[in-house]
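Data first, discussion second: the structure below is written as structure tokens.
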Amino acid sequence: MFIPIWEILMLGKICVDGEMMKNFWSRFKKKTYLSFSLEENLQIMRRILFNCMDVVYREFYIDRYIRAVLVYAEGLADKALINSDILKSLMLQSQDKKLTGSLVDAVKTIILPFAEVKNVTEIEKIINSVLSGDSILLIENCDQALIIGTRGWEHRAITEPSTETVIRGPREAYVESLQVNLALLRRKIKSSELKFEKLIVGRYTKTDVVIAYINGLADPEIVKEVKRRIQKIDIDGILESNYLEELIDDNPYSIFPTIKHTERPDTTAGLLLEGRVAVFVDGTPFVLSMPNLFTSYMQSPEDYYERYYISSFIRLLRFMALNISLLLPAAYIAVTTFHPEMLPTVLLLSLAGQREGVPFPALIEVLLMEIIFEILREAGVRLPKAVGQTVSIVGALVIGEAAVSAGIVSPAMVIIVALTGIANFVMPAYNAAGAVRLLRFLMIILASVLGLFGVMFGLMLVQGHLASLRTFGVPYLSPIAPISIEDQKDVWIRGPWWTMQIRPRFFNNLNQKRQKVKRKDK
Amino acid sequence: MPLEKGKISGKQLTVLYITTIVASAVVFLPGVVAAKAQQDAWISSIIAAITGFFLALLVLRLHSRFPEQNVIQYSRTILGKWPGLITGAGFAWFFIHINAVIIREFGAFLATVLPETPPVVFMALIVLLSAYYVRNGLEVCCRIAEFYFPIFVLQVVVIVLLVVKEVRWQLFEPILGAGWGPVIEGIFPPVMWFGEVITMSMILPYLHDKSQAARSLFLGVLLAGILFFLASFFTIGVFGGDLTANLNFPVFELARTISIAQFLERVDAVLMSFWVAGGVIKITTFNYCAVLGTAQLLNLSDYKPIILPLAVIQVFMALTGWENVGQLKYFINDIIAPYSLILFEGGIPLMLLVIARIRRLGVTK
């Protein structure tokens, strides 16, 4: 093999550039194919699958005299299928069948009663399928093998979503199995336009990643971009969709997530119908969708299932809660220490009275309580379920009540911190709520230095950051800025379904019309 | 390669213009106008808005002749290399200078709310914020303006609605008591504000749909005029001409008179916050024009490196330009109006248009 001298000289650059590195090594790597000798094939497989005790090699004879080996991975392949269908039909029911033509094709077409059977010649493909749960049939004197779809491992049953609960709406959630998840989505959208494109990511994990979109609704540019970014990933393993999320993010340094994840098939279906793209990752119930806008963190699937008055009210409430959880402690500090004249005199006096014995300035008081709250909250998540609730209630009561009576913090501060913490839970998206949780501390510090001006400064800084974000080419703050009056009906409120005549404009939709009949025509 | 790759919509242009004008106009102008025209300030504000239309028309005529160029570029096309460069440099200087005035105004304004903090802190922070916006490009500046625009309009309307019962009609009398003289004199400061439409001549080339230029700009002038009229009308109606003239920030004082249900008293600090937002957007617009213009004059391929140096220069100018608010007010009332109005907002554009017509330059229909 000839390697040009300049490529050897450029070795330093090659080490940096992954794409080129791949090209470089592929020259050395020979693709290995099956040979006619069964012994040799088995040897190669055993060498590659060295010390993999979960791989089983079952030797037997087809029709009493043709030697064959079935290779499968224990636990991944469905043993009942292997026993009753593969082995039984090959060993016992093959005598009376007349085998004509190529043996492999004959076995495939006449003997094996399986939906999914494929011919292969590449060793690498064979190894991958064995490790994914398929069975491989190697036959003597054949340079082809058969992949038989016997994937059947234990997986969790479909349950109710645990992080996105609703009062009204479907109760099913994704599970860890990709096939089940795709089926759940297909059950919602039975159109041939719903496309699933498969990619494999991860050098070791070889995780299946499926890009789902509705052809004709999703912007082809965005689909292409998603695919391009996923294909560019070269990582040892993908264990959860967040790996992918961070690797294909437009704004890796931003505190705000620009890719949404959900464990609800109905949410994914709704997003796809708006022209977005979803990405399924095998092994996790959390499905990504993109491009994702800031406003969609304020939307819960339930908004669309309840009557629009209550949904709109709740959505406005959420925006209020967002402001409370971001600004309330900061505003409290700013008003009490810089602008006390804003408060009514009676309230001011009462606040001053409460603060009388407190030894710390308001900033320290807030930070102390906020951190304690965050610790309690995190402990509540991590503690074993049986003790979790008890400990967090006791912790909250003891710390809240005792801290006040010990005179370390003022009662008003406890109210503020508790309200802030609760308001944070109102946001339906946990990851966006997390960003707000962190930014709250920035606001508190700015407020304690510069009063309301500091709060405003912090707010404008955050808004400037949000306005500068783009996710797959779509401005993150749309449809608020750039404004699209038509789309406001699904931002601050949830407009009735009969007003949602067109899809959101910001995805550059090919097909704008959502419904045909206007309500008044009825 | 173009310096600015962003494109904005007509709506964004309107919003940016209004926020740029109204942010400081509503805060400072009623007092300035009332100092000249007394109780007839509201008449001055109407005439000023009408004059504003003509200034916008001037900018639009130039834009329609040179749709792909901004004022600094077409002054070079019209006047030739060196005179054009000098005129362009004049405009860049004008943007920097006016921005220094605005920065100082807002610094002074904030110092009344938080008297213990040195004003330089506010000025530096506001300019840094605007530099951050400018760094992110024109589209981001416009999105910020869009975000605050509804709040901004709403709060002027809310103030007006809440003080409407305080208006004493006899304060408007006598109408035109001193004749038209003071009224005409009171026009100049607000016209200067409306003349800030010259900043839009830096932004018009980035309009996505060129046919919307006239409509969005005129709509901007109209809405800004209405807001400004409301502000001056109601400050006069509540405080009267004399008092308004002597107040530094009359609309702010107007907000202080508000009391809702004995609970929300003195919401001025909240309003201050919104005005800060408006001020930041205004400063951002000027900062953007200054940065873009300077980069074009210096033939740079990217404007990002000069954002921070210009920000520092502007803060320095704002800090050292005037000893105190009194001097600043005198400067705004008596010096800057003729200087900016006659030279950069009206005079030079008019001259450019006339020369372009005579030399038959640009697109003619």
Any residues in the range B:1-17 that have 10 Å² or more less accessible area with all protein chains than in their chain alone, probe 1.4 Å, and which are they? B:Lys11, B:Gln12
How long are the semi-axes of the equivalent ellipsoid of chain A, taking √(5λ) for every eigenvalue λ of the Cα gyration tensor, in whole Å from largest down? 56, 27, 25
Using the Cα gyration tensor of chain B, with a ≥ b ≥ c the square roots of its eigenvalues, what is the shape: rounded (a/c below 1.5), prolate (a/b larger than b/c) or oblate (neither)? prolate
Estimated FRET transfer efficiency (B:Val121, A:Leu510; beta-carbon r; R0 56 Å; 0.05): 0.65
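Over the range B:10-359, what is the mean sequence separation of C-alpha contacts under 8 Å (at least six apart), divided by residue count, expressed as relative contact order in percent?
Working: 499 pairs, mean separation 143.0, N = 350.
The normalised contact order for the range B:10-359 reaches 41 percent.
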Sorted largest first, the C-alpha extents of the range B:246-365 along its principal axes in whole angstrom are 66, 35, 34
Tell me the GluC sites (Glu not before Pro) within the range B:69-172 that lie in a loop according to DSSP and have at most 16 other beta-carbon atoms within 10 Å. B:Glu116
Kindly write out, for the range A:296-308 in residue order, the coupling ³J(HN,Hα) from the Karplus curve 6.51 cos²θ - 1.76 cosθ + 1.60 (θ = phi - 60°), rounded to whole Hz, with x marking Gly and Pro. 6, 6, 9, 9, 10, x, 5, 3, 8, 9, 8, 5, 5
Could you name every residue in the range B:266-296 that has 40 Å² or more less accessible surface in the full protein assembly than in its own chain alone (probe 1.4 Å, ligands and nucleic acids excluded)? B:Arg266, B:Ala269, B:Ser273
Whole-Å distance, taken between Cα centres, linking the range A:28-95 and the range B:189-216: 76
For the range B:1-112, what number results from the quotient of the Cα radius of gyration and 2.2 N^0.38 Å? 1.31
Along the range B:171-188, what does the Karplus equation 6.51 cos²θ - 1.76 cosθ + 1.60 (θ = phi - 60°) give for ³J(HN,Hα), rounded to whole Hz, x for Gly and Pro? 5, 7, 8, x, 6, 6, x, 9, x, 7, x, x, 5, 4, 4, x, 6, 4
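Within the range B:123-213, which trypsin sites (Lys or Arg not before Pro) sit in a loop by DSSP and count at most 13 neighbouring Cβ atoms inside 10 Å? Mind showing how you got there, number by number?
Numbers: sites: B:Arg135, B:Arg143, B:Lys165, B:Arg168, B:Lys210; in loops: B:Arg168.
Answer in residue order: B:Arg168.
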Can you list residues from other chains, or at least 5 along the same chain, whose modelled amide H is less than 5 Å from the amide H of B:Leu207? B:Ile8
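For the pairing of chain A with chain B, what total accessible surface becomes buried, with a 1.4 angstrom probe, in square angstrom to the nearest 100? Spell out each step's value before the answer.
Numbers: alone 27520 and 15370 Å², together 40210 Å².
About 2700 Å² of accessible surface is lost on pairing.
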Set Lys and Arg Cβ to +1 and Asp and Glu Cβ to -1, take the dipole of the range B:30-135 about its Cα centre, and tell me which of B:Phe122, B:Phe91, B:Gly31 lies farthest positive. B:Phe91
The long-range amide H neighbours of A:Thr471, using H built 1.01 Å from N in the peptide plane and a cut-off of under 5 Å, are A:Tyr476
Please pull out the direction-averaged projected area of the protein assembly as shown, using the convex hull of its alpha-carbon atoms, in nm² to one decimal place. 51.3
Note the per residue figure in Å³ for the convex hull of the C-alpha positions in the range B:165-293. 156
Positive dipole terminus of the range A:246-351, leading residue within A:Ser312, A:Tyr253, A:Ser350 (C-beta point charges): A:Ser350
Given a 1.4 angstrom probe, I'd like the percentage of the accessible area of chain B that is carbon and sulfur, rounded to a whole number. 67
Here the range B:100-105 yields Karplus 3J(HN,Hα) values (6.51, -1.76, 1.60; θ = phi - 60°; whole Hz; Gly and Pro given as x) of 4, 4, 5, 4, 5, 4
Counting only chymotrypsin sites (Phe, Trp or Tyr not before Pro) that are in a DSSP loop and have at most 14 other C-beta atoms within 10 Å, tell me the longest site-free stretch of chain A. A:306-522
Only counting protein heavy atoms at a 1.4 Å probe, give the residues of the range A:471-490, ordered by number, whose accessible area falls by 30 Å² or more when the other protein chains are present relative to the chain alone. A:Ile480, A:Ala481, A:Pro482, A:Ile483
Averaged over the residues of A:328-338, the number of partner chain Cβ atoms within 10 Å of each residue's own Cβ comes to 1
Amide H contacts under 5 Å for A:Phe286, restricted to residues at least 5 apart in sequence or on another chain and with H modeled in the peptide plane, are A:Ser241
From the Cα centre of the range A:219-251 to that of the range A:346-400, the distance in Å is 40
Taking the Cα centre of the protein assembly as shown as origin and charging only Cβ (+1 Lys, Arg; -1 Asp, Glu), how large is the dipole, in debye to the nearest 20? 2540
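Starting from the Cα gyration tensor of the range A:304-474, take the square roots of the eigenvalues, sort them a ≥ b ≥ c, and report rounded, prolate or oblate (rounded when a/c is under 1.5, otherwise prolate if a/b is larger than b/c, else oblate).
Values: a/c = 1.72, a/b = 1.16, b/c = 1.48.
Oblate, since a/c reaches 1.5 and b/c is not below a/b.
The values are calculated or read from the model by the stated rules, or taken from the named source; none is laboratory data. None of these values were measured; they are calculated from a predicted model. When we count neighbours, we look across all protein chains shown, and the Cβ atoms used for this are built from the backbone with ideal geometry, even at glycine. Calculation scope for accessible area: heavy atoms of the full protein, side chains included, ligands and nucleic acids excluded. Shrake-Rupley method; radii C 1.70, N 1.55, O 1.52, S 1.80 Å.
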